[in-house]
Every structure is written in structure tokens, then in C-alpha cells.
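Before any comments, here is the structure.
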Amino acid sequence: MKLPMHWLSEMVDVSDIDIKKYCDRMTDTGSKVEGYEILGEDVGGVVIGKVVKTERHPDADRLHICQIDVGEAAPVQIITSAQNVYEGAVVPVCRVGASLPGGIHIKPTKFRGLESYGMMCSYGELGLTEHEMPEADPEGILLLNEVVEGPFPIGEDVCSFLGLREHVVEFEITPNRPDCLSVIGLAKETGASFSRPVSYHKPVVEGAGDDVKKYLDVSVESPLCARYSARVVKNVKIEPSPLWMRLRLRAAGVRPINNIVDITNYVMLEYGQPMHAFDYSCLEGNKIVVKEAYKGQTFTSLDDVDHVLEEGMLTIQDSHKPVALAGVMGGANSEITEKTSIVVFESAAFDAASVRIASRALGMRTESSARFEKGLDAEQTLAALERACELVELLEAGQVVDGHIDVYPVPKESVRLPLEVDKINRFLGVSLTESEMRAILETLDFTFDGQEIVVPSFRDDVRCFNDIAEEIARIYGYNNIEATPFKGAVRPGVVPPRLLYKRRVIDQLIAMGYYECCTFSFISPKNYDRIGLAADDERRNSVVISNPLGEDTSVMRTMLLPSLLECLERNHNNHGAPVKLFEIARVYQKSSTPDELPKEPLRIAFGFYGGGDFYDAKGVIETLLRGAGITARYKACTGEAAFHPGRCAEITDAEGRLLGRFGQIHPHIAEGYGLGADAYAAELDFEAIFEGADFEKRFVALPKYPVLTRDFAFVCDEALEVGRIEEIIRQTGGKRVEEITLFDIYRGAQVGEGKKSVAYSITMRAPDRTLTDEEADKTAAKITKRLYEELGISLRT
């Protein structure tokens, strides 16, 4: 937002404030200043002169010798080739030593033997364009008496006379403050920042009789339009705006076009309210209907670009067609032209999100949409409309028809908040009185109803206590808030048990020689093929990423094993030495309903190659589970395609909860990763382990009584798991069985084909007495009997 300081000075006196101090203070109070510029700074020494005599150069037909009165005792002789100069013309004169844009410095010059002591300027040489000086000759000298009303102070600085020398401050307005995208809004901020009164001009429209209802009917058929106000101007004269308006628009960064368009732009800059003007003759049925477009509806904008509208885009239509895209741009079919005689002025409040969606979808970013999409105050539409009509009368651009149309279905309710003085002081660390807080808020147009603050309608960003505190703090001055020591109870941090156990697992794996790896959570669906996962396996049901970087990162993983094997593959390809790796990370499982987010349980995966076997992997698992106080049970598993069917096991706890799987990687899978035949891996369910963990340490006194040991050699089927045998031994022996040790497995002709011999050493002890041989033999007999009855196991003879 560019703010010309002369325009601002009409509302709040800042004439005695240095421009740098102004910028610093406005930034301190929340209106960030990007910088400032001084228009006309590069024009110096150019004064107003009057041509008192002109004659042709004796040696050049196209040159004229002019005597120019510049307010000195004698006229100045200037030779020019411009053909539009005549005696009595008032012109800008560059005296010797003057400077112009582009680093031009004026020196005495000879033309065919005659001296010229300066030059007369065109509007381009003063940094102006045809838009600011439409009446002037672009090829000739700027004739001030033909474009500006006198009197003309001969000899005075031409930039000061025309108002070209202007300080312009550029603000970076944050999205929450659309009210500051206006001169009035920044005037309010200036007044509050410098504690100065602000005066606002209240528009007064005289009117020319007649009744607006005879000309126009307005209906709003969409909730996306909060308010729609309109007035009609007849007998319109389309012509350039006066110079003061053109130069003011130029300073604010807006190109002048004609009086009607310039009025709408002027009001937009002054009030922050975008407006639009329709050619009344183009409105079929003399109606304006605010409604949403249907899919595929066509619309041609003012820049002659055809657009196909989407369903729900808000449009302004007459009885048959769209004539504007609400809040974005008008239509070419209702454009103001030189033939326009009746104009309809629109001032409305449209839904911010609707305007933004439409402007982005159609690629139509305009000054209007930039304001509407931030959310404008519906309460200001009528005031802005009245100001536009006042300017029409001031510029004699037409006759304003009496009355206005104002469709405002649901008036905006004011927001009320309590004034909590003590709470604000504690929050900010200040000691302001209630009267001081009230004074600050009143400078920002807040009002009071008892102890309630009534938030002004244009401040949609103020909705709670914190917002009120911020308003007070920024005007009071952040630099005025003294630094104080931190107050409050400091509580020592506590590591959650879950995180503590995770750290413990990491430490245990590192102590066993494993290196931690970290992989991406998103993988390629082809990774499931690489580990041989069945096509109907539920673990293929991954969360799909909507905008992936590529196919290799298109789904969220449901298991860690593919990522771990890729790390082992990469290490093997690089150096081939034995490697042990692990990872503790999340996997992502789709929820049963689409509205629920995926579940993200933690998993533990480890693997190695080049050293170790099945029992080394089992030892790692037993170490981890022992640290969690879990007694593991193992069961052979043949259904996992990634593992060797005869060297894979499921792990469960005493309650039958599945804790994970481990084993040797299937030779075909290992070959696909280039790992050889001795690769082993495991994937454990961290959540299940933590849920079943028992971290409580219990003291157990040293035993007082001796142990008795009995050795057994059982003959059983080859397929029988020794874990099942140990389970029955413990169940049958009860508390007397203290330890079970498997010390031998034999296969051979002596035990028969399809059989094996497993030898156990069972240690027994009674906690309250010395166990007798008879009691030990009795327990042993019960064990052998139950093993025979349930598993068909017999003692080896």
C-alpha cells in the first residue's frame, strides 16, 4: 500500500514529523514500512516561465528563439524546436544548472551561432506520462496554461506548483489488517501512533432528483454476498479527471484512465472499498442479480479474455448474462466507454474465500481481489458509495439520481469483549491504569459500553483477550515495556516411560553391536514385491500419498522389513563386510473408516548378514524381551514369504499376544537383495512389547535349600517344537521346577527316521524345605506321564 503524505495530511497533521521518524514509529506500532520515496526529487531548478516573445531563427526554419519571463529583471533567451510554443504561453523552464530525471543537467548551448540559456520541458521530461497529462501535446512543450488553471506564479518551482514533489510511504500490510489498505485506515493508525486527532470527511451528496428505483432493481441470491449497495448517475460526461486527482492516483501507484474509473479507484484507495461502475445501457432488464455461476458458464472480462466459470463462483448478472465476476473484475459487456451516459456504481461485501478461490482458479489477480480476499467490512459499503457520488458532483461528471439501493440481509453484529485491566497488566508486564488503556483503545476507534469493549466493525482480527492486549501493547510501545525476570514455577522435565523404554532398546541393540539406521516412511509399492508379499496380503493396503515426489515414494510403509533390507543391500554393495543394523520407526496402517487418520504404531526391526545364525537373532530378541520382563514363547512360522519356511518363528508372550517374527531371509529374497544365504532379520511390535512389559524389579532372597537335578532324554517327532515340551514341563512341575536346560539334540538311526532325541536337565528346589529324592522322582514321573499323554513323547532307552 502506497501512502502519499499530502493525502494523509488532509486527515491527520504530520507536517512537523520527519519522514524517517514517521516510518520508524509506524513500524514499531505494527504497520510495517517497506520504505519511502520522494517523487520529483530528481527534478530541480525547473521554474514557471511565460513566453513574452518568439521569432524564427534566422538560419534554421524549425528553430524558434523565445524570450522567457522567469521572474527576473530580464527575460531568458531559449531556443527550441517545438512547434506549439506561442507568445503568452506558460511553460516549465529549465534554467542553466537545472537537473532532470535520468541525470540530465542543463548547460548553455549554441544553436547556429545563437546562445540558448536553458530549455523548455515536455511532460515526459518532468517524469510524467500521457495518463497524467492527456490534454498535452506528447511531441511538444507542456503548456501549463492549457492544462492547469491559473494564476501562475512566474519564477516559482514548477514541481511545487503542480504537486509533483511528494513523499510516498510504502507499507507491507499483513492479511489480518485489510482496513489498513486505505488512506483512512492508515490515518487512524497514524493518529493512534502519534497521539494526534484524526478528522474524516463525511460525504454529502446533493442529488439531482428522480428516483433510483425507477432505474434499477437489485436482488442477492447467494449468502456469499453479505451486502450490496448501488446508486445511479445519469447524464455522465466521460473525460479526464482533474489534475489533482490524476497526480494523487499516480503517487499511489494507480494509472489514471477517465473520471468515472478514476473515481472508483480513488475511493478504493481512500476507503479500502473496491468499487465497480457498470454501463447502465448494457444491463438487460435493468436488473442486477448477485448469484453463483453454473458449471461451464462463460464470461469475458474487461481485458477481453474469455473465461469458463466453475460452479459456485459468485457473479454479478443482469437478467440474462454475467456482467462481472464478483470482487475480481468487471465484464467487457458492461464496460464504461465514451458513449456511456448512465452509470451504475456498485459497492459490496463479498465472501473472502469465494473471491480468492475464483481469482486463483481463473488467474485473475487484481487490486480488487487482493482486498476482498482479506475480508472487508460490510459496514463501509454505503459510505464509500456516497463518497464516489460526491466526487461525481465535485468533478461535474454527471447527475446523481436520488436514493440508493442497499441489500443487507443480515447486518453485522458488533463484537464485545470485557476490559480486564489486571489480567492485561500481568500478561504484558506493565502497570497501566484503566483510563490509560481506554485512551489507547479509543484512539483506535474502539468504544465502550460500561466495562465492555465494543470492537469496531472493520477490526475482524480482534476476537479475544489476547487481541485486546496486543492492541494496547503496540500503541503503548513494545520498547516501553521493561524487561523483567521470568516468573513462575519451573517444573523438572520427566521422560515418559514409553520414550524411556525406547531409549533403553536403542542402548541394548547398540551394546550388542548393531548400528541404527533411519529410513523414509514413504516407499515404493514395488518394495512389497521384492520381499514376496502376496497380492492379497492386507499389509499391501498402504496409505497412498496424494502428491508424491515419484513412484519410489508414493505410499506410506506398513512394515519396516523392506526398508531394512534396502539398507543391508546398500551396505553390502559398498563394502561387503558383515553389518548389523536396526531401526525403530513408525509404520502406517489404514483405519477402518475413511474419516479416521491412519494408525502409526512403532516397530523394531533389526537384521544382519555375514556372521551369525538363527540362534544369534533369537538371542537378541530374548535380551530385549528379558529387559521388558517378558517371557517369550516361540512357534514355527511357514507362511511368511520373506523368511525361510523352516527357519522362521513367531514370538508371543505368556498371554498369547503376538510380539513379532524373525528368522533367516528366504534365499530367493536374499539373492534379490544381493545378500547371500546367511541374512537374518526380525520385526517386532514395539507397542505390544511395551503394553505387556513389566519393568518392576522385585527382590528375591538367595535360596536356603539345595537343588536336585534330573536329566531326561525324550524321543519325539522331528516337527515337534522344543518350546512346547518346555511349556508342559513348567506347567506340570509348577514352582518346584526352577530351571530347564536343553543340552542336546540327537538325530540318527538309534531314534528312528522322522524322530529326534532332545535332552533336558531339570533343576528342582523347594522354597521352604530340602526337597527329597522321593519328591523329585514323583515330580519327574508326573512330567514324563503328561508328556507322553499330550505329545506322545517317550523316554529314550
How large is the helix-only mean residue ellipticity at 222 nm for the chain, computed as the sum of -39500 (n - 2.57) over DSSP H runs with n ≥ 4, divided by its residue count, in deg cm²/dmol to the nearest 500?
-> -8000 deg cm²/dmol
Which value in nm describes the separation of the simple spin-label points at residue 221 and residue 536, placed 7 Å from the Cα toward the beta carbon?
-> 5.5 nm
May I ask what percent, to the nearest 5, of DSSP beta bridges between residues of the stretch 280-337 are antiparallel?
-> 100 percent
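With charges set only on the Cβ (+1 for Lys and Arg, -1 for Asp and Glu), what does the dipole of the chain come to about its Cα centre, in debye to the nearest 20?
Once rounded to the nearest 20, the dipole reads 3780 debye.
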Cβ-Cβ FRET estimate between residue 637 and residue 546, R0 fixed at 30 Å, reported to 0.05 | 0.25
Determine the distance separating the Cα centre of the stretch 271-300 from the Cα centre of the stretch 78-116; give it in Å without decimals.
-> 51 Å
Normalising by the residue count of the stretch 554-629, find the relative contact order in percent from Cα pairs under 8 Å and 6+ residues apart.
-> 31 percent
Alpha carbon centre of the stretch 685-726 versus the stretch 353-368: separation in Å?
-> 71 Å
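Once you keep just the Cα pairs under 8 angstrom separated by 6 or more residues, what percentage relative contact order results for the stretch 56-112? Don't jump to the answer; show the numbers that get you there.
Numbers: 52 pairs, mean separation 13.3, N = 57.
With pairs under 8 Å counted, the relative contact order is 23 percent.
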Keeping every protein chain in place, order 171, 699 by accessible area at 1.4 Å, biggest value first, i.e. largest first.
-> 699, 171
Of the options 443, 397, 372, report the single residue whose Cα projects farthest towards the positive end of the charge dipole of the stretch 361-457 (beta-carbon charges: Lys, Arg +1; Asp, Glu -1).
-> 372
Using the Kirkwood formula on alpha carbons, the hydrodynamic radius of the chain in angstrom works out to 35.9 Å
Put a dot 7 Å past each Cα toward the Cβ at residue 518 and residue 77; how far apart are the dots in nm?
-> 8.5 nm
For the stretch 233-279, what percent of Cα pairs sit more than 12 Å apart?
-> 59 percent
List the aspartates and glutamates whose alpha-carbon lies under 13 Å from that of residue 590, not counting same-chain residues fewer than 8 positions away?
-> 538, 600
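Let's test the formula: R0 of 25 Å, r as the Cβ-Cβ distance of residue 135 and residue 52. What FRET efficiency results, to the nearest 0.05?
Efficiency for this residue pair is about 0.60.
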Round to a whole angstrom and tell me the spacing of the C-alpha centers of the stretch 31-77 and the stretch 157-229.
-> 36 Å
Compute, for residue 644, the solvent-accessible surface of its heavy atoms (probe 1.4 Å) with the complete set of protein chains present, and express it in square angstrom to the nearest 10.
-> 50 Å²
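Translational diffusion coefficient, Stokes-Einstein: compute it for the stretch 691-797 using the Kirkwood radius over C-alpha pairs as Rh, at 25 °C and 0.890 mPa s, and state it as an integer in µm² s⁻¹.
Value of D from the Cα-based Kirkwood radius: 161 µm²/s.
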Under 5 Å, built H, 5+ apart or other chain: amide partners of residue 515 = 580, 581, 582
Protein chains only, probe 1.4 Å: how do 125, 687, 367 rank by accessible area, largest first?
-> 367, 125, 687
For the chain, with every protein chain kept in place, what is the accessible area per residue (1.4 Å probe, Å²)?
-> 50 Å²
With all protein chains in place and a 1.4 Å probe, residue 302 shows an accessible area in Å² (nearest 10) of 60 Å²
With θ set to phi - 60°, apply the Karplus curve 6.51 cos²θ - 1.76 cosθ + 1.60 along the stretch 586-599 and write out the HN-Hα couplings as whole Hz, x wherever there is a Gly or Pro.
-> 8, 10, 10, 10, 4, 7, 6, 10, x, 6, 8, 6, x, 7
What accessible area, in Å² to the nearest ten, does a 1.4 Å probe give for residue 778?
-> 140 Å²
In whole Hz, the Karplus estimates of ³J(HN,Hα) for the stretch 367-372 (6.51, -1.76, 1.60; θ = phi - 60°; x where Gly or Pro) are 4, 5, 5, 4, 7, 4
Whose amide H sits under 5 Å from the amide H of residue 276, counting only residues 5 or more places off or on another chain, with H placed in the peptide plane?
-> 346
Simple spin-label estimate for residue 744/residue 718, 7 Å along Cα→Cβ, in nm, reads 2.1 nm
Order 234, 755, most accessible first, counting only protein heavy atoms with a 1.4 angstrom probe.
-> 755, 234
Can you tell me the relative contact order of the stretch 59-156? Whole percent, Cα pairs under 8 Å, sequence separation 6 or more.
-> 28 percent
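Note the full-extension length gain between residue 623 and residue 239 as 0.36 nm times their separation in residues minus their Cα-Cα distance, in nm to one decimal.
Length gained between residue 623 and residue 239: 129.1 nm.
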quick note, the chain, DSSP beta bridge pairs, % antiparallel (nearest 5) is 95 percent
Out of all DSSP beta bridges with both ends in the stretch 200-316, state the antiparallel percent to the nearest 5.
-> 60 percent
Which far-off residues, 5 or more places away or on another chain, put their amide H under 5 Å from the one on residue 98, with H placed in the peptide plane?
-> 106
May I ask you to give the percent of accessible area on the chain that is carbon plus sulfur, with a probe radius of 1.4 Å?
-> 50 percent
Estimated FRET transfer efficiency (residue 577, residue 668; beta-carbon r; R0 25 Å; 0.05) | 0.55
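The values are calculated or read from the model by the stated rules, or taken from the named source; none is laboratory data. If you're wondering where the values come from, they're calculated on a predicted model, not measured in any experiment. In this analysis, Cβ positions are derived from the backbone assuming ideal geometry, glycine residues included, and neighbour counts consider all displayed protein chains. Side chains included, ligands, DNA and RNA excluded: accessible areas come from the protein's heavy atoms. Shrake-Rupley method; radii C 1.70, N 1.55, O 1.52, S 1.80 Å.
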